[in-house]
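Here's the structure, in structure tokens; my notes come after.
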Amino acid sequence: MATVLAFAETRGGRLRTVALEAATAARGVADALGADVAACVFGPPGVEKEAEALRRHGADVVVCAAGESFARYSPEPFTHLLAEEMARRDPLVAVFPASALGKDLAPRVAARLRVGLASEVTELRVEGGALIAVRPVYAGKAFASVRFASRPALVSIRPNVFQPRENPRSGTPAEAAANPVTISARTRVVAFEEEQRGELDVAEAPIVVSGGRGMKGPEHWQLLEALVEALGPRASLGASRAVVDAGWRPHAEQVGQTGKVVSPEVYFAIGISGAIQHQAGMRTAKVIVAVNKDPEAPIFKLVDYGIVGDLFEVLPKLTEEIRKLRASAS
Amino acid sequence: MNITVCVRRVPDTETRIKIAPDGKGIDPTGVKFVLNPYDEFAVEEALRLKEQAGQGTLTAVTLGGEAAKETLRTVLAMGADQAVLLKGEPSFDGLGTAEILAEYLKDRPLDLVFFGKQAIDDDNMQVPAMVAELLELPCVTVVVELQRKDGVWHAKREVEGGHEIVEFTTPAVIAAQKGLNEPRYPSLKGIMAAKKKPLEEVEVGTAESRVVLERLTPPPERKGPVFIGEGPEAVSELVRRLREEAKVL
Ligand SMILES: Cc1cc2nc3c(=O)[nH]c(=O)nc-3n(C[C@H](O)[C@H](O)[C@H](O)COP(=O)(O)OP(=O)(O)OC[C@H]3O[C@@H](n4cnc5c(N)ncnc54)[C@H](O)[C@@H]3O)c2cc1C
Ligand SMILES: Nc1ncnc2c1ncn2[C@@H]1O[C@H](COP(=O)(O)O)[C@@H](O)[C@H]1O
């Protein structure tokens, strides 16, 4: 049977949300092509137990490489193993997450196999038996529909676009990967500097609260932190470039053309004018909310919901109401 | 120290993108083209390393048409020593471009090859890692800090929730992210000097595209506001609608 492969990213031995998104996207393509889904999961010893969640999200086969040498991402061993696995299974399509890891790994696999890769895909469909991928180009100012002139067709999918969907498959045990030999790496990760808020990155958070120059100074960020806190563990902080360039916030939080591209369920733009380069990073959010004192600010051309007003008056009230709402719901 | 920096000519970030009538590209009339913003960080880092070393050659390379010479002149004006135009067309996906760049680079003396993280026209984020793979070189992408201690290099790389510190030795490939440095502007003197610096041309033809563009379309229109309120009094209504209508709370 033909195969669609999904790369199931892990961290600390656990699947990341993007792994379930990749499995879900692969399942959709496989159904349209009449194919099976094989999910590849690499991680430390014990990572086999993650097979269950992958099967629940549509994987017919789970291919596992468990070992200390796969505990952390390292380009060469991962590329080697995945290329071997592709040679063995000859998939029609391989789906990667467009995460930090996926964006490093997918191009390497493509180069190793000499096949085409479509990055940051937001839509996948099958027309006349061929895969069509849709992806933003020119910072989202246009969308490209593409097809593939090589096989397997490699795609990386934008986080938060393909919502994980359960579609359980029967439980065969995880298979061992083709050839988990240790390939020597050309680079070595010697340290990981963790940020305070943990691993929920702005690029992958389902809820993003971004602050701009209207916040007036870094000392007021506690207002945004309080809102994030009220919104719960699925929310994360973002920022405009003006704020990052001023040194108020770290660059890792910047949303926009020269920052991160986000596609959350809801995006809050607080004191952000909505310059074209900022829009490039957030216009594919499902719902956009803005608070800005200037009714003419370009952000209001994008929003679904907005409040014209002083953010210093609006924010505390917003935080309080959301906190109340969540407290009554739980 | 021999450093190469690979650069690309792209539409300016302010540009309104107009799709050509055949849907196979953009209409270039009135579009201002610039050096890819991420490549500015790559050029700046390369210049600083060369200046610190006090010796070496910095070469700028691009795959593009005649017009890409302007981009190379910008890099020469910033301080690169020489430039090479690989005259041809880049591929739609990264691989064809990477193959041509790798072919050019493979027999040259190299300590470091710099790239930008991403070209802001195709937004592929593919070429640097592909070149590294083809040349079998160590490679670190999305780099925000670069240091050398006792002959060993350390690059700080952005990932979700923090940074990885990656150790490697040269020759190597680095893809620059914003934050790595503050790029300089070409000085008037630099611009004058650039005119006399060598700019070599090599015919390479059109790179092979394994991903084929069927059609470009405008982004899906946003529906427009369903609710705009005023001041703190509007908060209750906003929260109600976010919960009941948008179902995001
Ligand atoms: C090459 C290039 C790349 C770029 N990349 C990016 C990028 O990746 N991301 C990005 O964001 N920008 C980017 N920019 C910058 C962009 O053009 C804008 O300058 C930037 O987004 C503006 O940030 P801002 O909205 O925070 O600030 P401003 O434009 O100054 O807007 C501040 C807003 O706050 C509002 N405000 C002020 N006080 C209050 C108050 N008390 N209550 C409510 N509202 C208030 C104002 O009405 C205003 O709308 C880039 C620019 C270039 C040239
Ligand atoms: N045509 C090209 N010529 C030279 N370098 C390129 C070209 N296209 C891309 N690059 C380099 O590869 C980086 C990433 O580009 P991309 O993979 O297209 O997003 C860019 O920032 C450049 O440094």
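The values are calculated or read from the model by the stated rules, or taken from the named source; none is laboratory data. Bear in mind that the values here come from a model prediction, so they are computed numbers and not experimental data. For neighbour counting, all protein chains shown are included, and Cβ atoms are generated from backbone atoms with ideal geometry for every residue, glycine included. Accessible surface areas use protein heavy atoms only, side chains included; no ligands, DNA or RNA. Shrake-Rupley method; radii C 1.70, N 1.55, O 1.52, S 1.80 Å.
Within 10 Å of each Cβ in peptide B:151-162, how many partner chain Cβ atoms are there on average? Round it to a whole number, please. The partial results should precede the final answer.
Numbers: counts 0, 2, 1, 2, 1, 2, 4, 6, 12, 19, 15, 11.
Mean partner shielding for this stretch: 6.
The alpha-carbon atoms of chain A define a convex hull whose volume equals 145 cubic angstrom per residue.
I need the fraction of alpha carbon pairs in the range A:60-174 separated by more than 16 Å, rounded to a whole percent.
Values: 4295 of 6555 pairs.
Tail of the P(r) past 16 Å holds 66 percent of the pairs.
Residues in the protein assembly as shown average 39 Å² of solvent-accessible surface per residue, probe 1.4 Å, ligands and nucleic acids excluded.
Legend: residues in the range A:94-112 shielded by at least 40 square angstrom of accessible surface upon adding the remaining protein chains to the isolated chain (1.4 Å probe, heavy atoms) are A:100, A:103, A:104, A:107, A:108, A:111. A simple count of charges around residue A:176, restricted to other residues whose Cβ falls under 15 Å of its Cβ and scoring Lys, Arg +1 and Asp, Glu -1, yields -2.
Close amide H pairs (under 5 Å, H built 1.01 Å from N) link residue A:306 with A:290, B:227, B:228, B:229, residues at least 5 positions away or on another chain. The candidates A:317, B:156, A:301, arranged from most to least accessible area with a 1.4 Å probe in the full protein assembly, appear as A:301, A:317, B:156.
Going through the range A:251-330, which GluC sites (Glu not before Pro) have at most 16 other Cβ atoms within 10 Å and a DSSP loop state? Don't skip to the answer; put the middle values down first.
Values: sites: A:253, A:265, A:296, A:313, A:320, A:321; in loops: A:265, A:296.
Loop-located and lightly packed - A:296.
Estimate for me the total accessible surface buried between chains A and B (protein heavy atoms, probe 1.4 Å, no ligands or nucleic acids), in Å² to the nearest 100.
Answer for the A-B pair: about 7500 Å² buried.
Just give me a number: lysine pairs in the range A:207-329, eight or more positions apart or cross-chain, with C-alpha atoms less than 16 Å apart. The partial results should precede the final answer.
Details: A:216/A:293; A:286/A:301; A:293/A:301; A:293/A:317.
Qualifying lysine pairs in the range A:207-329: 4.
Phi angles of the range B:102-109 translate, via the Karplus equation with coefficients 6.51, -1.76, 1.60 and θ = phi - 60°, into HN-Hα couplings of 5, 4, 5, 6, 5, 9, 9, x Hz per residue; Gly and Pro are given as x. Extension gain for residue B:48 to residue B:189 (0.36 nm times residue separation, less C-alpha to C-alpha distance): 49.0 nm.
If you take the Cα Rg of the range A:207-329 and divide it by 2.2 N^0.38 Å, with N the number of residues, what do you get? Write out the running numbers ahead of the final one.
Working: Rg = 13.1 Å, N = 123, 2.2 N^0.38 = 13.7 Å.
Compared with the compact-globule rule of thumb, the range A:207-329 sits at 0.96.
To the nearest whole number, what is the average tally of beta carbon atoms from other chains within 10 Å of the beta carbons of peptide A:150-160?
On the way: counts 7, 1, 0, 2, 5, 1, 2, 0, 0, 1, 0.
Counting Cβ atoms of other protein chains within 10 Å of each residue's Cβ and averaging gives 2.
Please sort B:187-196, A:52-61 by packing, taking for each peptide the average over its residues of neighbouring beta carbons within 10 angstrom, highest first. Numbers along the way, then the final one.
Numbers: B:187-196: 12.4, A:52-61: 22.7.
My ranking of the peptides, most packed first, is A:52-61, B:187-196.
Mean 1/r over all different Cα pairs, inverted: what Kirkwood radius does the range A:1-107 give, in Å? Before the final figure, lay out the partial values.
On the way: mean 1/r = 0.0750 Å⁻¹.
Result for the range A:1-107, one decimal place: 13.3 Å.
Each 10 Å bin, from zero up to the one with the longest distance, holds this percent of the alpha carbon pairs of the protein assembly as shown: 3, 17, 27, 27, 18, 6, 1, 0. What's the center-to-center distance, using Cα atoms, between the range A:289-315 and the range B:143-210 in Å? Taking the Cα centre of the range B:143-210 as reference, the centre of the range A:289-315 is 39 Å away.
How big is the shadow of the Cα convex hull of the range B:2-206, averaged over all directions, in nm²? Present the calculation step by step, with values, prior to reporting the outcome.
Values: hull surface 48.5 nm².
Taking the Cα atoms of the range B:2-206, their convex hull projects to 12.1 nm² on average.
Using a 1.4 Å probe on the protein heavy atoms, what percent of the accessible area of the protein assembly as shown belongs to carbon and sulfur? After summing per-atom areas, the C and S share lands at 49 percent.
The spacing between the range A:77-105 and the range A:134-181, judged by their C-alpha centroids, is 10 Å. Taking amide H atoms as placed 1.01 Å from N in the peptide plane, the amide H of residue B:139 lies under 5 Å from those of B:173, each 5 or more residues away in sequence or on another chain. Residues of the range A:265-309 buried by at least 40 Å² of accessible area upon assembly of all protein chains, compared with the chain on its own (1.4 Å probe): A:276, A:277, A:283, A:304, A:305, A:306, A:307, A:308.
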